[in-house]
Amino acid sequence: MTISAVNSTSGLARMTTATSLRPEGGIPVSELKRLNATPLQVTPRSFPMLQPLDPETLIQAMDKAGVVSDDDPSKLFAEVYKNGQVVARLYNGGSSVTYGKADGIITGADEPYDGGPQLAQWRANKIAAAMGGTVKMAATAQTQSQWQVTYAAEQAKRDQVMAPYRAAMAAFQAAMDSAEPVPARPLTQV
């Protein structure tokens, strides 16, 4: 086995090769000492790191703001039945949950609508036709215009909850754009 590294000091590339491996598969200590394998530094050392988004905190904030998930039972548009069993549930936003042989009938590739009840109806009809089933509309089904009003209101709530996270990401991106990266140090021989 041969391990190679490119050394690019002063703009000229040179190949360094280590071929003397230990029988157990490791590189001899003498070879490791010869190479300066300091990790590469590509961002400034003092760069502020962005805190990861805690999903539980985000879910709680969405709940507190009154944002309801698209697959909530209160947003059910229709169900597709085959032999008395539910094979698909479709929601006012257009999302769907399929079961058993209904899985994979809708792929998203040929859908004529961007979302909402029009998409839900199209999907329900496609699944029912493919399976020989029937579509049963839910009492909570909305028209496209009703859904657009509901969606806009919920999107405003989502935007309000996400504003601090988006601001933090924008600040992080601005800092990244304005910072000069520390040049990467190539592997060098000692």
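All of the numbers you see were taken from the coordinates with simple rules; none came from a lab. Predicted model, so just to flag it, every value in this text is computed and none were measured. Heads up, the Cβs are rebuilt from the backbone with ideal geometry, glycines too, and the neighbour counts pull from every protein chain shown.
A few points about this structure:
- HN-Hα J in Hz across region 70-76 - Karplus 6.51, -1.76, 1.60, θ = phi - 60°, x for Gly and Pro: 4, 9, 6, x, 6, 10, 5
- Simple rule: put +1 on each Lys or Arg Cβ and -1 on each Asp or Glu Cβ in region 68-142, find the dipole, and look at A102, Y81, N125; the Cα lying farthest toward the positive end is Y81.
- Label point at A65 placed 7 Å out along Cα→Cβ; residues across region 125-161 whose backbone nitrogen lies under 20 Å: 147-161
- For region 68-142, the share of alpha carbon pairs falling in successive 5 Å distance bins from zero is 3, 19, 32, 26, 17, 3, 0 percent.
- Taking every C-alpha pair closer than 8 Å and separated by at least 6 residues, the mean separation divided by the residue count of region 68-142 gives a relative contact order of 40 percent.
- Close amide H contacts of F77 (hydrogens built in the peptide plane, cut-off under 5 Å, sequence separation of 5 or more or a different chain): L90, Y91, N92.
- Environment charge of T57, counting only residues whose C-beta is closer than 13 Å and scoring Lys/Arg +1, Asp/Glu -1: -2
- Gyration tensor verdict on region 134-173 (Cα atoms; rounded if a/c is under 1.5, prolate if a/b is larger than b/c, oblate otherwise): prolate
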